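S.K.: One structure, as structure tokens, below. Some questions next.
Read the figures in this text as sums done on the coordinates, not as results from a lab. Bear in mind the structure is a predicted one, so any value in this text is a computation, not a measurement. Cβ placement follows ideal geometry from the backbone for every residue including glycine, while neighbour counts extend to all protein chains displayed.
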Amino acid sequence: MKTAIITGTGMSGVFTASQTMGLPIFNSEPKNTTTPYGSIRYHIVSTGSRSFILVDRHYCTVPYRFPHMIDHRAYMYMLYKSGVEHIFATTAVGGVNWGAFQGKKVGSLVMPDDLVDLTAGVYTFADEGFVHPTAFYRSAKGLLCPQMQSLITDEAVLRGGVLTCIIGPGYETPAELAFYCNSIPGLSLLGMTVAGEARLAREMAAHYLPIGIVADLPLEDSSVDGEGVERAVKHAQVQVVKAILTAMGQLEGGQPSWNCDCQKKPAVFKCLE
Ligand SMILES: [Zn+2]
């Protein structure tokens, strides 16, 4: 299996009730496996001749995990062992209309170019079980794959800017938001989960594309809560799935010769063999 979708807040049910939403009919087969980081639940989803792995980052290790409690290694390791090379991810984000990156509304889809990680998380497979003197030191250029971005043809999907990851689950204070805006050039989105997945994708030598679903606009309205975020994502879920399915269709003829940085080094696990 070469392709996967990682979903987050507000996306549950779209691949099971989709025939009523203007999406194709999906066949979804539940799977379980164990990894060095614990057991994982996921689905093999197929529609027509297309199939992919579907992982819900918050529920794949049951019970629900908050962003700061997710061990991204568990499902990313499963994706690596399954042979996945192309990863699409949906993520609920705050949209920051700041500087050159204006125009976001609640429900907008945005593909950022880069990220700043303020979570202080340690996102690597390197530990006592996986040791190598050089393999884990690798470039962080183009972590959010520009070639995967080019597969998204929906012109309504906004492009560019920097996604800043905060630890959560509480949202940023007004003072923190002002600090981010004034100190992070190109700030466009605030999220909680992309940094961990992006770093591990690079260690897996996988192409990784997060698509942010704008669930609130903290500069315009600071009254966001969990229910509002879930509602906003549900409104956008069909559009984001359609955009990803179209992109997947372009991958079916085989990967073109890409010049991104994602596979310039082999997966760290290959270096350990
Ligand atoms: Zn790439």
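S.K.: Which one of the conditions (1) in a strand (DSSP E or B); (2) closer than 18 Å to residue 230 by Cα does residue 16 fail to meet, given that it meets all the rest?
M.R.: (1)
S.K.: Could you give me the residue pairs with C-beta distances under 8 Å whose first residue belongs to the stretch 257-268 and is closer than 23 Å to residue 151 by Cα, whose second residue is within 12 Å of the ligand (Cβ to nearest atom) and among the acidic types (Asp, Glu) wherever it lies, and which are 6+ apart or on separate chains?
M.R.: So the pair list comes out as 263/85.
S.K.: Moving to a separate point now. I'm told residue 9 meets every condition in (1) assigned to a strand (DSSP E or B); (2) under 21 Å from residue 233 (Cα atoms); (3) of a type in the set (S, T, N, Q) except one. Can you identify the failing condition by its number?
M.R.: So the condition that residue 9 fails would be (1).
S.K.: Among the residues of the stretch 207-221, count how many are touching a residue at least 12 places away in the same chain (Cβ under 8 Å) and either of a type in the set (Lys, Arg) or away from the ligand (no atom under 16 Å from the Cβ) (or both).
M.R.: Selection size over the stretch 207-221: 9.
S.K.: Check off (1) in contact with a strand residue (DSSP E or B) (Cβ under 8 Å, 6 or more places away or on another chain); (2) closer than 26 Å to residue 26 by Cα for residue 238 and give me the number that stays unchecked.
M.R.: Failing condition for residue 238: (1).
S.K.: Which is crowded, with 17+ Cβ neighbours inside 10 Å, of a type in the set (A, V, I, L, M, F, W, C) and out of contact with any Phe, Trp or Tyr (no Cβ under 8 Å at 6 or more places or on another chain), of 70, 87, 167?
M.R.: After applying the criteria, what remains is 70.
S.K.: Separate question: Those residues that are part of a loop (DSSP other than H, G, I, E, B) and touching a residue at least 24 places away in the same chain (Cβ under 8 Å), I need them from the stretch 88-109; list them, please.
M.R.: Listed by number, the residues that qualify are 96, 97, 99, 100, 103, 104, 105, 106, 107, 108.
S.K.: Among the numbered conditions (1) under 19 Å from residue 165 (Cβ atoms); (2) out of contact with any His (no Cβ under 6 Å at 6 or more places or on another chain), tell me where residue 65 comes up short.
M.R.: Among (1) under 19 Å from residue 165 (Cβ atoms); (2) out of contact with any His (no Cβ under 6 Å at 6 or more places or on another chain), the lone unmet condition for residue 65 is (2).
S.K.: Scan the stretch 110-149 for residues that are within 30 Å of residue 250 (Cβ to Cβ), away from the ligand (no atom under 16 Å from the Cβ) and either in contact with a strand residue (DSSP E or B) (Cβ under 9 Å, 6 or more places away or on another chain) or without any contact (Cβ under 8 Å) to a residue 12 or more places away in the chain (or both) and jot them down.
M.R.: Correct list: 110, 116, 117, 123.
S.K.: For the structure I just gave you, tell me whether residue 189 is away from the ligand (no atom under 16 Å from the Cβ) and under 21 Å from residue 58 (Cα atoms).
M.R.: Answer is yes for this residue.
S.K.: Do we have residue 39 as out of contact with any Phe, Trp or Tyr (no Cβ under 7 Å at 6 or more places or on another chain), part of a strand (DSSP E or B) and either under 22 Å from residue 126 (Cα atoms) or among the aliphatic types (A, V, I, L, M) (or both) here?
M.R.: For residue 39, the condition - out of contact with any Phe, Trp or Tyr (no Cβ under 7 Å at 6 or more places or on another chain), part of a strand (DSSP E or B) and either under 22 Å from residue 126 (Cα atoms) or among the aliphatic types (A, V, I, L, M) (or both) - is met.
S.K.: If you don't mind, there's one more thing I want to ask. When the residues of the stretch 227-273 are filtered to those that are crowded, with 18+ Cβ neighbours inside 10 Å, more than 16 Å from the ligand (Cβ to nearest atom) and over 18 Å from residue 6 (Cβ atoms), which remaining residue is nearest to the chain's Cα centre (by Cα)?
M.R.: So the residue we want is 232.
Conditions (1) buried (at least 16 other Cβ atoms within 10 Å of the Cβ); (2) acidic (Asp, Glu); (3) within 19 Å of residue 205 (Cα to Cα), marked per residue:
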| residue | (1), (2), (3) |
| --- | --- |
| 5 | yes, no, yes |
| 24 | no, no, no |
| 27 | no, no, no |
| 40 | yes, no, no |
